Amino acid sequence: MPRIHILSERVANQIAAGEVVERPAAVIKELIENSLDAGASRVEVEFRQGGREILRVEDNGCGMSRVDALLALERHATSKISETADLDRLATFGFRGEALPSIASVSRFTLQTRAEGADAGTEILIDGGRQVHVRDCGRPVGTSVEAARLFQSVPARRKFLKTDATESAHLVQCVRLYALACPRVAFTLVEDGRVVFRSPQCATLAERVAEIFGRQLAERLVPIESAEPGLRLSGLIGRPGEGRSTRNELMMFVNGRPVDSRALNFALLESYRDSLPEGRYPRAILFFECNPADVDVNIHPAKREVRFRRDQQVRGFVIRCVLERLRELGAAREFEIAAVDRPPGLGEPAAAFGLPHSAAPAPCPPSAFAGDSRPEPPRKASARGEGRVRNWRFLGTAHELYALYETPSGIVLLDRRAAHERIWFERLRAQFAQGPVPGQRLLLPVPLELEPIASAILLDSRPFIEAHGFEIAEFGTNFFRVEAAPQWMEPADAEPFIRDLLGELRDGKLAVSSLDLARDELARLAAARAVRLPPAGDASAMEEFAARLFETDSPLTSPAGRPTFIEIDRAELARRFQRP
Ligand code: ADP
Ligand code: MG
């Protein structure tokens, strides 16, 4: 029989290290957190060969006395909490007291530290968990921790490390996150002797972003700030229509801590759904704050994941804030453009080409119904649209699809389909919100034969479908007839539209249980599939069309998130033609 025995401290630490510091970036994370917890105003990070050869973090924080430094290397030694209740009012990054002993157990570990008022510093060297020496050293107040030959004593772990380039990417991303979390702390990152970034203390997040990602990105992001009792959201977000192909530029912080949070990710992606094409991700650096008691950071040893006590409330709040901001941005952009004065020498003032709103009919799908009374959503005070269209002069259409306009600042290519969908999406959404949609009886009812599942779905959701302008009669098993369709729809489109709708109901994209969302989705589907694009009109109609687009809440994108127009400014044109 094997005898039971307690693992040695060293083995226990190596096992714990597997959880706390599974890769070089995790080591750097723990060390930076310690520096920040120590009140440092300057943190320097250096690594070589993807962190395999050396990782070092140096700070000018409070430092440690020799006694404390030795204690800090014991497991579960921490100065940050003393009872579990403290977890609910946590104000530090660290609290588990595991990082230093874990790192020391899997590397050649050198700690140098000096506390304020101490005559000399202390240096402690530990190799693979065994103490080599403790002695005096000279250094300024603060702490430096170096972990060399990481995981060399644990070959099983070392094997799991990816290429240097991959580990390096993780390291850089990690340091950036903390640099963003604490703009007021100066950060330096050095890789293989080369400075990756060096940022002085910054007054604002935007400055810090410019320091570490460059001015160009910083200028593309816009501030967001919102609060409700007990909840606060702030940071920087990307403009509508400007997406990325990966989530890498989506950075979240909860109570100042960089985290992965499903709830926040979900809320952000949901908010951008109408503002980005499918498969594109927004850029965002978002700080969410709430009562520390309402968020659990202790669900993973690396403290990267967090869980909210009131998940739904958090999602709802974030979606509201971001949506609100995106709407404002749709409008703000247009003021920017409209405010540009028309430079002299560009021909007729564009105002001559703009028409009063009532003069030209909006582009609408042709309707087969006599006495057509298409839904007219309540018009907004249209200062925005008028200001805008006065400055857009229609020049022509290319490939039937693209309308070309001259604007004071350059030229605009407008995707007629995308713009048309945006206008119709909002028009229908407004109409759906007003209550049941009247249908128009079809002269020739359209037969609809469905397979059993689709037919069950239709029967289940018939009240919803009929509230939106359809009338459907059942004629025996799996056999129906569409007897009325919404006024804005071509009768020929009714049957394929209902099939599309049943498809969405079937795979859950549209759920009638949540009526508001279901209406939005229905409007989106209708704008995309059931609203026909009329031929391009004359100049006044096309300028009116642009005005209509700018009356919508999100003129920059289609409901599916595609850009509605591309603007090429005069400077860009001049550059392309190499004009002197
Ligand atoms: P935790 O951060 O969870 O408390 P650690 O093992 O990371 O556990 O650190 C143990 C203790 O060592 C900390 O509580 C802190 O008191 C001290 N310490 C660690 N790093 C530093 C540092 N850079 N400056 C000052 N004190 C530090
Ligand atoms: Mg720590």
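The values are calculated or read from the model by the stated rules, or taken from the named source; none is laboratory data. All values reported here derive from a predicted model rather than from experimental measurement. So basically every Cβ, Gly included, is an ideal-geometry build from the backbone, and we count neighbours across all protein chains shown.
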Discussion item. Quick test for you: out of ARG273, ARG280, ARG315, pick the one residue that is in contact with a helix residue (DSSP H, G or I) (Cβ under 8 Å, 6 or more places away or on another chain), modelled with pLDDT of 75 or more, at negative phi and not aliphatic (A, V, I, L, M).
Written reply: ARG315
Response to the item:
Of the residues in the stretch 132-164, those that are in a helix (DSSP H, G or I), farther than 13 Å from PHE47 by Cβ and in contact with a helix residue (DSSP H, G or I) (Cβ under 8 Å, 6 or more places away or on another chain) come to ARG157
Worksheet item: Right, LEU31: of a type outside the set (Phe, Trp, Tyr) and at pLDDT 85 or above or not?
Response: yes
Worksheet item: Which one of these does LEU36 not meet: (1) farther than 25 Å from SER199 by Cα; (2) at pLDDT 95 or above?
Response: (1)
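Go through the stretch 219-257 residue by residue and tally those that are free of Cβ contacts under 8 Å to residues at least 40 places away in the same chain and polar (S, T, N, Q).
Matching residues across the stretch 219-257 total 2.
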Fill in: Any hit, the stretch 319-342, residues being modelled with pLDDT of 90 or more and aromatic (Phe, Trp, Tyr)
no
Worksheet entry | Index of the failed condition, SER455 passing every other in (1) within 13 Å of LEU501 (Cα to Cα); (2) surrounded by fewer than 18 Cβ atoms within 10 Å (Cβ to Cβ); (3) at pLDDT below 90 | (2)
Fill in: Among the residues listed as PHE475, PHE480, the single one being buried (at least 17 other Cβ atoms within 10 Å of the Cβ) and either over 25 Å from GLU421 (Cβ atoms) or not β-branched (Val, Ile, Thr) (or both)
PHE480
Discussion item. Conditions first: (1) in a loop (DSSP other than H, G, I, E, B); (2) within 13 Å of ligand 2 (Cβ to nearest atom); (3) closer than 30 Å to ASN291 by Cβ. CYS62 passes all but one, so which condition is the exception?
Written reply: (2)
Worksheet item: Which residue, of GLY129, GLY94, is in contact with a helix residue (DSSP H, G or I) (Cβ under 6 Å, 6 or more places away or on another chain), farther than 20 Å from ILE54 by Cα and not β-branched (Val, Ile, Thr)?
Response: GLY94
Response to the item:
If you go through GLU123, GLU98, the only one that is of a type in the set (D, E, K, R), within 16 Å of ligand 2 (Cβ to nearest atom) and touching a His at 6+ places or on another chain (Cβ under 8 Å) is GLU98
Practice prompt. Answer yes if at least one residue in the stretch 84-104 is more than 10 Å from ligand 1 (Cβ to nearest atom), under 30 Å from ARG158 (Cα atoms) and at pLDDT 80 or above, and no otherwise.
Written response: no
Practice prompt. Could you list all residues from the stretch 14-59 that are under 32 Å from the mean Cα position of the chain (by Cα), of a type outside the set (Lys, Arg), more than 10 Å from ligand 1 (Cβ to nearest atom) and not in a helix (DSSP H, G or I)?
Written response: VAL21, GLU22, SER41, GLU44, VAL45, GLU46, PHE47, LEU55
Worksheet item: Which pairs do you get when a residue that is closer than 19 Å to ALA284 by Cα, found in the stretch 195-216, comes within reach of a residue that is small (Gly, Ala, Ser), reach meaning Cβ atoms under 6 angstrom, with the pair 6+ apart or on two chains?
Response: ALA206/ALA218; VAL209/ALA218; ALA210/ALA218; GLU211/SER199; ILE212/ALA179; ILE212/SER199
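Quick grid of which residues meet (1) in contact (Cβ under 8 Å) with a residue 12 or more places away in the chain; (2) part of a loop (DSSP other than H, G, I, E, B); (3) buried (at least 19 other Cβ atoms within 10 Å of the Cβ):
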{"position": "VAL67", "(1), (2), (3)": "no, no, no"}
{"position": "GLU74", "(1), (2), (3)": "yes, yes, no"}
{"position": "ASP86", "(1), (2), (3)": "no, no, no"}
{"position": "THR92", "(1), (2), (3)": "yes, yes, no"}
{"position": "THR110", "(1), (2), (3)": "yes, no, yes"}
{"position": "THR113", "(1), (2), (3)": "yes, no, yes"}
{"position": "GLY117", "(1), (2), (3)": "no, yes, no"}
Worksheet entry | Lone unmet requirement of (1) within 16 Å of ligand 2 (Cβ to nearest atom); (2) of a type in the set (A, V, I, L, M); (3) touching a strand residue (DSSP E or B) at 6+ places or on another chain (Cβ under 7 Å); (4) under 29 Å from ARG157 (Cα atoms) for ALA40 | (4)
Worksheet, complete the sentence: Counted residues in the stretch 530-568 being of a type outside the set (S, T, N, Q), surrounded by 16 or more Cβ atoms within 10 Å (Cβ to Cβ) and under 28 Å from the mean Cα position of the chain (by Cα) come to 13
Response to the item:
The helices (runs of 4 or more DSSP H) lying entirely within the stretch 475-580 that contain at least 2 residues which are more than 26 Å from SER409 (Cα to Cα) and without any contact (Cβ under 8 Å) to a residue 60 or more places away in the chain are 491-506, 515-525
Item to complete: Kindly provide the set of residues from the stretch 167-209 that are charged (D, E, K, R) and in a helix (DSSP H, G or I), ordered by number.
Response: GLU167, ARG176, GLU207, ARG208
